[in-house]
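These notes are about the structure you will find just below.
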Amino acid sequence: MILIVDSGATKSDWIALDEKGEKLFFTQTLGLSPEVLTRDVIEDRLANNFELSKNKEVVTHLFFYGAGCGTDRMRKFLKEIFADYFPNAKADVKEDTYAAIYATTKIGDQGIVCILGTGSNCSYFDGHQLFQKVTSLGYIPMDDGSGNFFGRKLIRDYYFHKMPADLGIKFSKEYDLEADVIKDNLYKQPNPNTYLAKFARFLIENKEHPYCKGVIDKGFQQFINNYIMQFELATKVPINFVGSVAYFLREELKTVLERNDLIVGVIRQKPIDGLVEFHRQTL
C-alpha cells in the first residue's frame with residue numbers, strides 16, 4: 001500500500017493506493033506541521049485515525065508533503081515518527097511546496113508556484129528543480145497574504161478600532177473576541193497559526209464590503225511585492241497557486257496579479273488530486 005499525504009497546518013489529506021495505482025481509501029487527520037507540534041501530538045493524531053491505525057503494518061511507501069518541512073531537521077523529525085508508526089514503510093518527506101508544484105506544473109514546464117492557505121510560500125520551478133528566494137520564518141514575521149496573516153489583521157483592526165463599526169459588530173457576534181480567549185489560543189494552545197487563520201473565513205464571507213476589499217487587495221499586493229517579485233522571470237512565467245485563501249478569493253487574486261502584469265496560472269484549492277496523478281505516473 002502506498003500513502004500520499006498533503007499536510008497543511010490545519011488538516012492533512014491522506015490517499016491510499018494499491019500497487020496498480022487504484023484508490024483504496026481517503027481520510028483526513030489534523031495538520032502535522034513539525035514546526036509547531038510535539039512528537040506526542042503528532043503520534044496521537046495518527047493513532048486516532050481508524051484507517052491509518054488499521055493499515056499501518058501494510059504500508060510500504062509513504063510520500064508526505066507537509067507545511068513546516070522545509071529544513072533537514074524537521075524532515076528527520078517526522079521520518080523518525082513515521083518509521084515507528086509505519087514499521088514496514090519507506091518514508092519520503094518533502095515540504096508542501098513540492099505538492100503545489102506537482103499539482104499545478106508539468107515536469108519540464110517553468111512557473112512560479114505559490115501557497116496561500118493557513119500559511120504562505122512562493123517558489124520558482126524551472127521544469128526540474130525548485131528555487132526559493134525567501135526562507136520562511138513562520139507565521140509571526142512572515143506568511144504574507146495567508147489565512148493567519150488576514151486573521152491577525154482583522155483582530156488587530158478590531159482592537160485598534162480601525163474596523164468599520166457595522167463590520168465590527170458582525171465580527172464580534174461570530175467570534176469570541178474576549179482578550180483572555182484570544183491570548184489563551186495564541187500563547188497557550190497548540191497551532192496558534194491555525195487559530196488565526198480561522199478568522200479569514202469572515203474576510204471571505206464579507207469580501208464585498210469596502211473594508212474587506214481593501215484588506216484583501218493590500219494583503220495580496222504585499223505577497224506579490226515580498227515573494228513573487230523576488231524572481232527575475234516573474235512577469236514571464238505563469239503564477240500558480242494552491243490553498244483555500246487563493247481559491248476562495250481567486251477573482252480578487254487575479255485582479256491584483258493582472259494589475260502587476262503577472263500571468264495567472266492554475267489555482268487549486270487542494271493539491272492532493274494532482275499529487276495522486278503524479279505518483280500514478282511513477283508507479
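The values are calculated or read from the model by the stated rules, or taken from the named source; none is laboratory data. What you are looking at is a predicted structure, and each value in this text was computed from that prediction instead of being measured. Neighbour counts run over all protein chains shown; Cβ positions are idealised from the backbone, glycine included.
Filter segment 75-102 for residues that are assigned to a helix (DSSP H, G or I) and touching a strand residue (DSSP E or B) at 6+ places or on another chain (Cβ under 6 Å) and give the result.
75, 78, 79, 82, 96, 97, 98, 99, 100, 101
Restrict the check to segment 228-239 and report whether at least one residue is buried (at least 22 other Cβ atoms within 10 Å of the Cβ), in contact with a Pro (Cβ under 7 Å, 6 or more places away or on another chain), of a type in the set (Val, Ile, Thr) and not in a helix (DSSP H, G or I). Taking every residue of segment 228-239 in turn, none turns out to be buried (at least 22 other Cβ atoms within 10 Å of the Cβ), in contact with a Pro (Cβ under 7 Å, 6 or more places away or on another chain), of a type in the set (Val, Ile, Thr) and not in a helix (DSSP H, G or I). The residues listed here are 247, 211; of these, the one that is over 14 Å from residue 264 (Cα atoms) and among the hydroxyl-bearing types (Ser, Thr, Tyr) is 211. Taking the conditions (1) of a type outside the set (Ser, Thr, Tyr); (2) touching a strand residue (DSSP E or B) at 6+ places or on another chain (Cβ under 8 Å); (3) more than 23 Å from residue 283 (Cα to Cα); (4) not in a loop (DSSP other than H, G, I, E, B) in turn, residue 69 satisfies each one other than (4).
Residue 159 satisfies every condition listed in (1) surrounded by 15 or more Cβ atoms within 10 Å (Cβ to Cβ); (2) free of Cβ contacts under 8 Å to residues at least 40 places away in the same chain; (3) among the hydroxyl-bearing types (Ser, Thr, Tyr) except (1). Pairing residues of segment 169-194 that are hydroxyl-bearing (Ser, Thr, Tyr) with residues that are surrounded by fewer than 16 Cβ atoms within 10 Å (Cβ to Cβ) and at pLDDT below 95, at Cβ distances under 7 Å and at least 6 apart in sequence or on separate chains, gives no pairs at all. The set of residues from segment 139-153 being on the phi > 0 side of the Ramachandran plot and either outside any loop (DSSP other than H, G, I, E, B) or free of Cβ contacts under 8 Å to residues at least 60 places away in the same chain (or both) comprises just one member, 143.
Filtering segment 3-14 down to residues that are β-branched (Val, Ile, Thr) and under 16 Å from residue 98 (Cβ atoms), which residue is nearest to the chain's Cα centre (by Cα)? Residue satisfying both the conditions and the ranking: 5. Where helices (runs of 4 or more DSSP H) fall entirely within segment 158-227, those with at least 1 residues that are closer than 29 Å to residue 132 by Cβ and of a type outside the set (Phe, Trp, Tyr) are at 179-187, 192-197, 200-205, 210-226. Filtering segment 199-209 for residues that are in contact (Cβ under 8 Å) with a residue 12 or more places away in the chain, of a type in the set (S, T, N, Q) and touching a Lys or Arg at 6+ places or on another chain (Cβ under 8 Å) leaves a non-empty set. Against the test of being modelled with pLDDT under 95 and either within 21 Å of residue 226 (Cβ to Cβ) or over 16 Å from the mean Cα position of the chain (by Cα) (or both), the options 85, 139, 98 yield a single qualifying residue, 139. Taking into account only those residues within segment 14-31 that are modelled with pLDDT under 95 and under 27 Å from residue 245 (Cβ atoms), which is surrounded by the most Cβ atoms within 10 Å (Cβ to Cβ)? Filtering first and then ranking leaves 31.
Can you say whether residue 196 is surrounded by 17 or more Cβ atoms within 10 Å (Cβ to Cβ) and either at pLDDT 95 or above or farther than 30 Å from residue 74 by Cα (or both), as far as the supplied structure shows?
On the way: surrounded by 17 or more Cβ atoms within 10 Å (Cβ to Cβ): yes; either at pLDDT 95 or above or farther than 30 Å from residue 74 by Cα (or both): yes.
Taking the combined requirement at face value, the residue satisfies it.
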